[in-house]
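Undergrad: Quick one: structure below, then a few questions.
The values are calculated or read from the model by the stated rules, or taken from the named source; none is laboratory data. Fair warning: this is a prediction, and the values are worked out from it, not measured in the lab. Positions of Cβ are backbone-derived with ideal geometry, glycine not excepted, and every protein chain shown enters the neighbour counts. Surface accessibility is based on the protein's heavy atoms, side chains included, excluding ligands, DNA and RNA. Shrake-Rupley method; radii C 1.70, N 1.55, O 1.52, S 1.80 Å.
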Amino acid sequence: MLKIVVCVSGGGTNLQAVLDGIDAGIVTNTEVIEVISNNAKAGALKRAEAHGIPGICISPKEFADREAFNQAFTDELCRLKPDLVVLAGFLVKIPEQAVAHFGNRIVNIHPSLIPSFCGVGYYGLKVHEKVLERGVKVTGATVHFVNDGMDEGPIIAQKAVPVQEDDTPEILQRRVMEQAEWILLPKAIDDIANGRIAVVDGKVIKKQ
Ligand code: GAR
């Protein structure tokens, strides 16, 4: 059984997709052991509670400096000993010490086709605003392992989504979630839980 901790900042629709996938038997051999948020008011914490999953808030605001937050966040992960950490709309940079401890055991969902529209400043709705500003015709989502860079780790899966002429950022965000994110993230977790993914020379290899 793959024990996962899901880290969230906002509404938690990706968390919900994972929980629904587990309930529906689409994601197998997987148990969510805790949800961590940097935001006590995150709707995702309510979703966790509704599912009987422990949820806690660890916010940088509660600590004297970033290093103290980084240590507390990493300590909590180490205490939980998950097999996988899932960043499902977690808008905080993962501490280096956590990446070092959980190498290739942290995955992130990002709402664009990496390496487009990613990195510092590209998160949540901002990604879709920049996609529309640039006028690209195809966008999508990416699930990838997390390394010390920002959205730079080995790519597990991507799915393209069309941009339409009258899209607003909100409409496009919803389409990317429905057609890509909510499918890719549960599938990646199921693949990892069932040993269908390996990282070789910094690239993800899928076993059949
Ligand atoms: C999702 O679109 C996710 O891909 C994005 O935040 C949103 C969270 O929504 N993550 C990033 O931008 C990470 N760089 P949710 O709370 O409803 O899942």
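Undergrad: Using the crude model of +1 on Lys and Arg Cβ and -1 on Asp and Glu Cβ, and no other charge, please compute the dipole size for the stretch 147-203 relative to its Cα centre, in debye to 20.
TA: Numbers: 6 positive and 12 negative charges, 67 e Å.
It works out to roughly 320 debye.
Undergrad: Under a 5 Å amide H to amide H cut-off, with H placed in plane at 1.01 Å, what residues pair with residue 32 once short-range neighbours are removed?
TA: Sorted by chain and number, the residues that satisfy this are 4.
Undergrad: Using a 7 Å offset from the Cα along the Cα-to-Cβ direction at both residue 136 and residue 101, what is the distance between the two label points in nm, to one decimal?
TA: Rounded to a tenth, the inter-label distance reads 3.4 nm.
Undergrad: In addition: Find the Rg to Rh ratio for the chain, where Rh is the Kirkwood radius over alpha-carbon pairs and Rg uses the same atoms. Numbers along the way, then the final one.
TA: Values: Rg = 16.3 Å, Rh = 17.2 Å.
Using only Cα positions, Rg/Rh for the chain is 0.95.
Undergrad: How much length, in nm to one decimal, is gained on full extension between residue 120 and residue 168, taken as 0.36 nm per residue of separation minus their Cα-Cα distance? It would help to have the intermediate numbers written out before the result.
TA: On the way: separation 48, 0.36 × 48 = 17.28 nm, distance 2.22 nm.
So the extension gain works out to 15.1 nm.
Undergrad: Say each of residue 198 and residue 72 gets a label point 7 Å from the Cα, pointing the same way as Cα to Cβ; how far apart are those two points in nm?
TA: Calculated label separation equals 4.1 nm.
Undergrad: Which trypsin sites (Lys or Arg not before Pro) in the stretch 148-208 pass both tests, a DSSP loop state and at most 12 other beta-carbon atoms within 10 Å?
TA: Working: sites: 159, 174, 175, 187, 196, 203, 206, 207; in loops: 196, 207.
Listed in order of number, the matching sites are 207.
Undergrad: Where the accessible area of the stretch 85-198 is counted over protein heavy atoms with a 1.4 Å probe, how much of it, in %, is carbon and sulfur?
TA: Its accessible area is 52 percent carbon and sulfur atoms.
Undergrad: What full-extension length gain, to one decimal in nm, is calculated for residue 208 and residue 3 as 0.36 nm per residue of separation minus the Cα-Cα distance? Let's see the in-between values first.
TA: Values: separation 205, 0.36 × 205 = 73.80 nm, distance 2.24 nm.
Value of the extension gain: 71.6 nm.
Undergrad: Dipole magnitude of the stretch 71-122 about its Cα centre, charges +1 at Lys/Arg Cβ and -1 at Asp/Glu Cβ only, in debye to the nearest 20?
TA: The calculation lands at about 40 debye.
Undergrad: Would you mind checking the pairs 137/206; 41/61; 130/206 and listing those with alpha carbons more than 23 angstrom apart?
TA: Numbers: 137/206 29 Å; 41/61 13 Å; 130/206 32 Å.
Flagged as over cut-off: 137/206; 130/206.
Undergrad: For the charge dipole of the stretch 1-150, defined by +1 on Lys and Arg C-beta atoms and -1 on Asp and Glu C-beta atoms about the Cα centroid, which residue among 22, 132, 103 has the Cα displaced farthest towards the positive pole?
TA: About the Cα centre, the residue reaching furthest to the positive side is 132.
Undergrad: Taking H as built 1.01 Å from N, whose amide H comes closer than 5 Å to the amide H of residue 57, not counting residues under 5 places away?
TA: 37
Undergrad: Report, for the chain, the % of DSSP beta bridges that are antiparallel, rounded to 5. Don't skip to the answer; put the middle values down first.
TA: Details: 15 of 32 bridges.
Of all bridge pairs located within the chain, approximately 45 percent are antiparallel.
Undergrad: Also, I was wondering about something else. Across the stretch 180-196, in residue order, what do the Karplus-derived ³J(HN,Hα) couplings come to in whole Hz, using 6.51 cos²θ - 1.76 cosθ + 1.60 with θ = phi - 60° and x for Gly and Pro?
TA: Each residue's phi maps through the Karplus curve to give 10, 4, 6, 9, 5, 5, x, 5, 5, 5, 4, 4, 5, 4, 10, x, 9 Hz.
Undergrad: Give the peptides 114-123, 136-145, 100-109 in descending order of average Cβ contacts within 10 Å, highest first. Display every interim value, and only then the final one.
TA: On the way: 114-123: 16.1, 136-145: 20.8, 100-109: 18.9.
My ranking of the peptides, most packed first, is 136-145, 100-109, 114-123.
Undergrad: Further question: Amide H neighbours of residue 152 under 5 Å, at least 5 residues apart or on other chains, H built in the peptide plane: list them.
TA: Residues meeting the amide H criterion: 147.
Undergrad: Would you mind working out the accessible area per residue for the stretch 75-208, using a 1.4 Å probe, and quoting it in Å²? Each step should come with its number before you reach the end.
TA: Working: 6600 Å² over 134 residues.
It amounts to 49 Å² per residue over the stretch 75-208.
Undergrad: Based on the Cβ-Cβ distance of residue 62 and residue 179, what FRET efficiency does E = 1/(1 + (r/R0)^6) give at R0 = 45 Å, to the nearest 0.05? Mind showing how you got there, number by number?
TA: Values: r = 37 Å, r/R0 = 0.82.
The value I calculate is 0.75.
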